[in-house]
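First up is the structure itself, then whatever we jot down about it.
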Amino acid sequence: MSNERLIAIIPVRSFRTGKTRLATAIDDDTRADLIRRMLNQALQASTYADVFAEIAVISLDPEVLGWVTTHWPRITPLQQNELAPGLIPALELGRDYASSQESDGFAILFPDLPVLEPADLHALIAPKSQIVIAPDQARTGTNALLIRNQPVDPGSFTFQFGVESFPRHLEAARSLGLDPAIVATAGLAFDLDTPAHLAAIQGSSTPIISDTNRTGS
């Protein structure tokens, strides 16, 4: 366990309506199962890394939160307000929750990192910078963020998820006078978001996802 009290925040849109760009490659049931498997992978890596004091999954979808409660009883399920849908409100809820738990900071992880391993999360928290950013392979998107409480109020950092989020996150950190650290590992960089990503990992020697029966129950 890290000497810091860090909380992992994992936002999940839905098993049924997430990853819509994969809809042309796989049917709805297969896509839902894939999202569950990737969430399971993220929870396994986060748990076995033993660097987080708490792990929380945020979702609007009762099915997601019910699955977490059943399969990962030690994970905190957080219900997102239906009046404030979307990714940014989910992350703001996570930031507020981490603050309410008197944490030293929080990490945002996404449940679409199919080769994420505990070592990747050790790499994420290793830099001492207040802001640590893990970009995707193209260095355009952001696959993980670590935000510590000091020296700048973490509430002043503006989430920039969307198109070109990685350079925009760099700019947001630098606008606060911070020098963000950049962490690039295979597990943090590879996100499964498109049919091309799916084909790439299916054609590799790496199993697409760990066994879904290996849970935290």
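Numbers below:
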| item | result |
| --- | --- |
| Ala138-Gln79 pseudo-label distance in nm [points 7 Å out on the Cα-to-Cβ vector] | 3.7 |
| Potential lengthening between Thr69 and His122 on full extension [0.36 nm per residue; Cα-Cα distance subtracted] | 16.5 nm |
| Label-point separation, Glu171 to Ile88 (7 Å along Cα→Cβ), nm | 1.4 |
| Simple label model, 7 Å out from Cα along Cβ direction - Gln101 to Thr30, nm | 3.6 |
| The stretch 35-165 shape via C-alpha gyration tensor axes, a/c threshold 1.5 | rounded |
| Ranked His71, His169, His122, criterion: other C-beta atoms within 10 Å, fewest first | His122, His71, His169 |
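All of the numbers you see were taken from the coordinates with simple rules; none came from a lab. Remember, it's a predicted structure, so these values are computed and weren't measured experimentally. Neighbour counts are summed over all protein chains in view; Cβ atoms, including those assigned to glycine, are modelled from backbone coordinates with ideal geometry.
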